[in-house]
Amino acid sequence: MLYRTTILVIYVLLFAIVACKHEPALIRNTSSSNYPENVADIIINKCAVTGCHNNASYKGAGALNLTTWNKLFEGGSLGSSVIPYRQDFSTLCYYTNTDTNFGVTLLPTMPVNQPALSTKEYLTLRDWILAGAPDSKGQIWPMFDPGRKKIYITNKLCDEVTVFDAETLLQMRYVKVGNKSSEEFPHSVKVAPDKQHWYVSFFVTSDIVQKFSATDDKLIGEINIGTGQWTSFTISEDSRYGFFVDNGKPGKIAIADLKSMTLLYTWTFNDKFNYPTGIAVNSKLKKAYVGNVNGNYIYSIDMDNMSNPIIKERIINDSNKLLNNSIIDPTDLIADTTNGLCYIACTKSAEVRVMDMTTDSIINIIPLGSKPAFMSYSYTTKNMFITCPDDIMSFPGNRGSVLVVNMQAGQVVKKIKSGYQPYGIAVDDEQQMVTVVNANLSPDGTKPHHSSNCIGRNGNVTFIDMSTMELVPGVRSEVAVYPFSTDVR
């Protein structure tokens, strides 16, 4: 599944854009646009014109209104066209650039049916974006708010994390991750429970996890946890400790102090782990569960003494024998610390198994009908949202679905067509919103509207309104190739 993939692009200057018919060129008053004067001269007189991106015509031009700086940052039908500080992710640059020496060029060249921007004009737009795309007073969108709610998404082969504004559901930043010149494939992203920091791990063999401030999304530093494929991790309820799973054979678990950014322990259990994946920690019970790619069991770890943990292999099906072949394959786990439960997504058997973390016993089995990948739990609605990227039955012609499982009733209550090949999913109980990351890898998937200087197909992000259990209408934001993991601040 590790194709060479792209870096993102997000937005659609293309819908019905070829139909733009420009008014005769004339210089218009730009003072009310809130753009800097040199930028306004270009955008107002060449883009926000009759038939294209003005108040009357923008709905037929990718739903992008450029009449004012504020309207620009309301985005278009595929999200933001300008990403502050990142011209390489701003489609406004792609469609106005005609020189490949300056980066990506896409057709049709803007403005349509008119002379292309001069080199000087293009560089004015590019340099404005590199400076943060400020308004006429120097303000950068969105206005700084240390408590802003955000959504983080890894672009698996791009070494970038996309940051969405949770209020507008628009892409607001791109954050470079990793520390090598070669691709590191950012795999998992997690926001600490106290919402002060977020962390990212990598699919390639690496010895680091990176820590970022959730206030300004700046890199704080790297935690050296030893060499491994750190594909799964979780964070303790007090935000102090990180538990990282090396998906190797033999695998291991690294426990880090996230405050001091130091490695505390590495658990190998004499090479007992076989391709471990997924981890759930119940700090109250001082217990951890770890899944595995193939098998009919999970690892149960007593953490009462972290320097001397006790591990047991717990069979979770009706067999009396430990099996390492593909039987039920418990691959994603979520701890419900309130009720002392662990929810285990079993890929092979297409079910969720519920384990009592006090007794280490299975107390319920919920059939799904489709193979699960990742889960996210709503504590307010008691619903589990589960991505099934290979479901070809629920929505013919589409690969993938999101299942809504009522955990109290123990049954699937809704199937949602979120997009093509959904993987990462994150519930935001405060906003009553669910973020779904659709990888869209296959050529049979949703045709992207853009390409970039990377090879591959863009994925997209959609959102489920928990009050209606339907997709938020009109919102499908393109992101780079192979978006994979997501979490909400």
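Would it be correct to say that P108 is more than 13 Å from the chain's Cα centre (by Cα) and either more than 28 Å from L263 (Cα to Cα) or of a type in the set (D, E) (or both)?
Yes; evaluated as a whole, the condition is true for this residue.
Report the residue count in the stretch 353-366 for those that are free of Cβ contacts under 8 Å to residues at least 40 places away in the same chain and surrounded by fewer than 18 Cβ atoms within 10 Å (Cβ to Cβ).
Of the residues in the stretch 353-366, the ones free of Cβ contacts under 8 Å to residues at least 40 places away in the same chain are 353, 356, 359, 361, 363, 365.
Now narrow it down to the ones that are surrounded by fewer than 18 Cβ atoms within 10 Å (Cβ to Cβ): 356, 359, 361, 363, 365.
Selection size over the stretch 353-366: 5.
Being more than 26 Å from the chain's Cα centre (by Cα), modelled with pLDDT of 95 or more and part of a helix (DSSP H, G or I), is that true of even one residue in the stretch 132-140?
Within the stretch 132-140, none of the residues are more than 26 Å from the chain's Cα centre (by Cα), modelled with pLDDT of 95 or more and part of a helix (DSSP H, G or I).
Select from the stretch 80-100 the residues that are open to solvent by 10 Å² or more (accessible area, probe 1.4 Å) and either at pLDDT 90 or above or in a loop (DSSP other than H, G, I, E, B) (or both) and list them in ascending order.
Y85, R86, Q87, D88, T98, D99
Of everything in the stretch 198-209 that's over 16 Å from the mean Cα position of the chain (by Cα) and assigned to a strand (DSSP E or B), which residue is farthest from Y241 (Cα to Cα)?
Per the criteria, the residue is S206.
Could you list all residues from the stretch 369-396 that are out of contact with any Pro (no Cβ under 8 Å at 6 or more places or on another chain), buried (at least 21 other Cβ atoms within 10 Å of the Cβ) and not charged (D, E, K, R)?
S370, P372, F374, M375, S376, N383, M384, F385
Would you mind finding the one in T168, T119, T162 that is in contact with a strand residue (DSSP E or B) (Cβ under 9 Å, 6 or more places away or on another chain) and hydroxyl-bearing (S, T, Y)?
After applying the criteria, what remains is T162.
Evaluate the following for K272: is it in contact with a strand residue (DSSP E or B) (Cβ under 9 Å, 6 or more places away or on another chain), at negative phi, open to solvent by 10 Å² or more (accessible area, probe 1.4 Å) and modelled with pLDDT under 95?
Spelling it out, K272 is indeed in contact with a strand residue (DSSP E or B) (Cβ under 9 Å, 6 or more places away or on another chain), at negative phi, open to solvent by 10 Å² or more (accessible area, probe 1.4 Å) and modelled with pLDDT under 95.
Within the stretch 170-177, does at least one residue satisfy the condition of being open to solvent by 10 Å² or more (accessible area, probe 1.4 Å), more than 26 Å from G75 (Cα to Cα) and of a type outside the set (D, E)?
Looking for residues that are open to solvent by 10 Å² or more (accessible area, probe 1.4 Å), more than 26 Å from G75 (Cα to Cα) and of a type outside the set (D, E), one finds none in the stretch 170-177, hence no.
Does at least one position in the stretch 277-291 carry a residue that is open to solvent by less than 10 Å² (accessible area, probe 1.4 Å) and in a loop (DSSP other than H, G, I, E, B)?
No: the stretch 277-291 contains no residue that is open to solvent by less than 10 Å² (accessible area, probe 1.4 Å) and in a loop (DSSP other than H, G, I, E, B).
Go through the stretch 305-327 and give me each residue that's farther than 20 Å from K252 by Cβ, open to solvent by 10 Å² or more (accessible area, probe 1.4 Å), part of a loop (DSSP other than H, G, I, E, B) and not basic (K, R).
N317, D318, S319, N320, L323, N325, S326, I327
Step by step: first the residues of the stretch 465-477, then only those that are part of a strand (DSSP E or B) and over 18 Å from R399 (Cβ atoms), then the one that is nearest to the chain's Cα centre (by Cα). Which residue is that?
S477
When the residues of the stretch 292-334 are narrowed to those that are small (G, A, S) and in contact with a strand residue (DSSP E or B) (Cβ under 7 Å, 6 or more places away or on another chain), which ends up modelled with the highest pLDDT?
S300
When you look at L8, is it within 26 Å of the chain's Cα centre (by Cα), modelled with pLDDT of 60 or more and buried (at least 23 other Cβ atoms within 10 Å of the Cβ), yes or no?
It is false that L8 is within 26 Å of the chain's Cα centre (by Cα), modelled with pLDDT of 60 or more and buried (at least 23 other Cβ atoms within 10 Å of the Cβ).
Starting from residues that are open to solvent by less than 70 Å² (accessible area, probe 1.4 Å) and charged (D, E, K, R), keep the ones in the stretch 103-145 and report whichever is farthest from A166 (Cα to Cα).
E121
Conditions: (1) more than 24 Å from A480 (Cα to Cα); (2) in a loop (DSSP other than H, G, I, E, B); (3) free of Cβ contacts under 8 Å to residues at least 24 places away in the same chain. K415 meets all but one. Number of the miss?
Against the list (1) more than 24 Å from A480 (Cα to Cα); (2) in a loop (DSSP other than H, G, I, E, B); (3) free of Cβ contacts under 8 Å to residues at least 24 places away in the same chain, K415 comes up short only on (2).
Taking the stretch 220-262, which residues are more than 17 Å from A192 (Cβ to Cβ), open to solvent by 70 Å² or more (accessible area, probe 1.4 Å) and of a type outside the set (D, E, K, R)?
The answer is N224, T227.
May I ask you to list the residues in the stretch 418-468 that are of a type in the set (V, I, T) and either at pLDDT below 90 or open to solvent by 10 Å² or more (accessible area, probe 1.4 Å) (or both)?
Once the filter is applied, which keeps residues that are of a type in the set (V, I, T) and either at pLDDT below 90 or open to solvent by 10 Å² or more (accessible area, probe 1.4 Å) (or both), the stretch 418-468 yields I425, V427, T446, I455, T468.
Select from the stretch 17-72 the residues that are hydroxyl-bearing (S, T, Y) and open to solvent by 60 Å² or more (accessible area, probe 1.4 Å) and write down the one among them that is modelled with the lowest pLDDT.
Here the answer is S31.
Restricting attention to the stretch 329-381, which residues are part of a loop (DSSP other than H, G, I, E, B) and charged (D, E, K, R)?
D329, K348, D360, K371
The values are calculated or read from the model by the stated rules, or taken from the named source; none is laboratory data. Everything quoted here is computed from the prediction, not taken from an experiment. Heads up, the Cβs are rebuilt from the backbone with ideal geometry, glycines too, and the neighbour counts pull from every protein chain shown. Ligands, DNA and RNA are stripped out before the accessible areas are found, and what is left, the full protein with its side chains, is counted by its heavy atoms. Shrake-Rupley method; radii C 1.70, N 1.55, O 1.52, S 1.80 Å.
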